[in-house]
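Data first, discussion second: the structure below is written as structure tokens.
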Amino acid sequence: MRYPAIGNRIRAFRRGRRRRLGATITEFAIIAPIFFLFVLSSFEFGRAIMVQQILTNAAREGARQAIVENAVAADVVTSVTSYLSSTTVDGVTVTVDPTSLQTVGFGDEVTVTVTVPYDQVSWLPVSSFVSGKILTGESMMRGERLQ
């Protein structure tokens, strides 16, 4: 005994599966660019946050160097670049305020600012998400010098 209705169902199922394959490809073509944009932007913003934290830590190291007795601005820059040498952050600008650390007394504020253009630290070849931005890390400490 044959079951012709089952054969028709199987053929109809196979035809529907072929049609569905075209719909799947179309849906993927629409969703894939949005998905990859989301993934790449996650990498880009994660890198920006990581570099921001590295710059803040480098500024803190520089400020620690700046507040001690007999420190000069060159020591601060050396301390910051030494800290950054173990990272992938290059091309930073270090600013010390006040520029002459000999005038800093006990309790006076010393601010160290470390900046870098984000284009120099991006992991992507074209950093279109955060391009043109300047990342800054800053630390302020009070002088520990005797008067």
> In segment 75-109, what residues are small (Gly, Ala, Ser), within 30 Å of Val39 (Cα to Cα) and in contact (Cβ under 8 Å) with a residue 12 or more places away in the chain?
Replying inline: Gly91
> Is it the case that some residue within segment 127-136 is at pLDDT 80 or above and either touching a helix residue (DSSP H, G or I) at 6+ places or on another chain (Cβ under 6 Å) or in a loop (DSSP other than H, G, I, E, B) (or both)?
Replying inline: yes
> For segment 55-104, how many residues are over 19 Å from Thr136 (Cβ atoms), of a type in the set (A, V, I, L, M, F, W, C), out of contact with any Lys or Arg (no Cβ under 8 Å at 6 or more places or on another chain) and crowded, with 16+ Cβ neighbours inside 10 Å?
Replying inline: 2
> Of Val68, Val76, Val96, which residue is in a helix (DSSP H, G or I) and among the aliphatic types (A, V, I, L, M)?
Replying inline: Val76
> Is it true that some residue in segment 110-119 is part of a loop (DSSP other than H, G, I, E, B), exposed (fewer than 15 other Cβ atoms within 10 Å of the Cβ), touching a residue at least 12 places away in the same chain (Cβ under 8 Å) and on the phi < 0 side of the Ramachandran plot?
Replying inline: no
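The values are calculated or read from the model by the stated rules, or taken from the named source; none is laboratory data. Quick caveat: nothing in here was measured; it's all calculated off a predicted structure. Reconstructed Cβ throughout: ideal geometry from the backbone, glycine too, with neighbour counts over all protein chains shown.
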